[in-house]
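Trainee: This is the structure I have questions about; it appears just below.
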Amino acid sequence: MRGPGSRKGRSAAEDVGLPEDPLALIDFTRLPRHVAVIMDGNGRWASARHLPRIAGHRAGIAAVREVVEGAARLGIEVLTLYAFSRENWSRPAPEVNALMRLLRDYLDAELSTLLERNIRFRGIGRLEELPPPVRTALADAEQRTAANTGMLFLIALSYSGRAELADAARALAEEARAGRLDPATIDETVLAARLHTADAPDPDLLIRSSGELRLSNFLLWQLAYSEIWVTPVLWPDFRRRHLHEAVVDFQRRERRFGGVTSSAARPRAIHGRVHP
């Protein structure tokens with residue numbers, strides 16, 4: 001699972017012999033359609049600088065901007081960022097309140113850019129659990145970008161992969177009880193249509209910053225066959241070139257989806273390096 005850049009003091013590009021920004025190495029005919037990102041490391045970034053945790057969250061906004069604009073420029077169809085989990089509600093109230101203010105500030109500041117870049121925006125998760133001002137800002141951004149035809153930008157808020165599956169199961173049960181659905185017809189396609197990402201393909205590539213090797217209850221159904229790229233770079237330091245590195249590594253891999261292909265001898269990318 002671990003991506004390039006595992007040695008302290010070296011950039012990911014240096015570790016795999018890539019140029020500082022490997023944009024020129026990307027094959028634009030084989031882009032991942034959907035990229036999902038677990039944005040991790042804001043707190044550690046702040047702690048290393050003897051700053052309050054909210055300083056790390058504030059610094060992470062620049063990384064969000066870089067990745068959203070970078071993905072749109074590449075031609076990625078869908079980008080999903082994991083911004084706030086349901087588990088995050090257990091954090092101290094001042095931190096949670098500050099995060100909610102940052103989200104509103106981000107939407108206010110970036111809405112014009114989303115419109116300029118033709119990006120369609122939508123929040124996913126149990127949005128009803130968010131404070132009313134945040135829900136209003138989300139609804140406004142979704143409504144104002146609804147007609148855009150470019151990249152779909154999903155932001156996961158008060159999100160839980162297990163809760164999403166439970167909600168989907170509940171919806172199916174209610175439809176069956178009401179006589180609108182025959183339980184015998186429920187299959188993977190029917191269940192997937194009740195998920196928050198029903199209008200998007202499953203992620204081809206999952207990126208996680210800060211070096212942690214876990215899914216953290218994120219898109220548990222949708223990530224079944226996603227390629228995973230992990231970097232030790234803390235989220236506030238994540239930049240467009242890191243997104244490009246992840247895409248280059250993705251394109252070096254052979255995706256079998258549980259089967260066997262005729263290109264078994266093709267080099268594989270492992271730990272950010274190419275191995276025969």
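Readers should treat all values here as calculations from the given coordinates under stated rules, not as data from a laboratory. Just so you know, these numbers come straight off a predicted model, no measurement behind them. Cβ atoms come from the backbone with ideal geometry, glycine included; neighbour counts cover every protein chain shown.
Trainee: Could you give each residue of the range 210-221 its phi-based ³J(HN,Hα) in whole Hz, using Karplus coefficients 6.51, -1.76, 1.60 with θ = phi - 60°, and x for Gly or Pro?
Mentor: Taking θ as phi minus 60°, the curve returns 6, x, 6, 10, 7, 8, 6, 6, 10, 6, 4, 6 Hz for the range 210-221.
Trainee: Through the Karplus equation 6.51 cos²θ - 1.76 cosθ + 1.60, θ set to phi - 60°, convert the phi angles of the range 103-109 into ³J(HN,Hα) values in whole Hz; use x for Gly and Pro.
Mentor: Taking θ as phi minus 60°, the curve returns 5, 4, 4, 4, 4, 4, 6 Hz for the range 103-109.
Trainee: Ok, one more. Scan around R120 for amide H atoms under 5 Å from its own, H built in the peptide plane at 1.01 Å from N, and keep only partners 5 or more places away or cross-chain.
Mentor: G150, M151, L152, F153
Trainee: Return the long-range amide H neighbours of A83 (sequence gap of 5 or more, or a different chain), with a cut-off of under 5 Å between placed amide H atoms.
Mentor: A156
Trainee: OK, next. Quick query: amide H of L219 versus all other amide H atoms, modeled in the peptide plane; which residues come in under 5 Å with a sequence gap of 5 or more or a different chain?
Mentor: Residues meeting the criterion, in which the H sits 1.01 Å from N, are G161.
Trainee: Name the residue farthest towards the positive end of the dipole of the range 42-185 from the options A156, P131, G43, assuming +1 on Cβ of Lys and Arg, -1 on Cβ of Asp and Glu, about the Cα centre.
Mentor: It is G43.
Trainee: Next question, about the same structure. What chymotrypsin sites (Phe, Trp or Tyr not before Pro) in the range 156-241 are in a loop by DSSP, with at most 14 other Cβ atoms within 10 Å of the Cβ?
Mentor: Here the sparse-neighbourhood loop sites are Y225.
Trainee: Show me, for the range 144-160, the HN-Hα J-couplings you get by feeding each phi into the Karplus relation (A = 6.51, B = -1.76, C = 1.60, θ = phi - 60°), rounded to Hz, glycine and proline as x.
Mentor: With coefficients 6.51, -1.76 and 1.60, one gets 6, 9, 4, 8, 5, 10, x, 4, 8, 10, 9, 10, 8, 10, 6, 9, 8 Hz.
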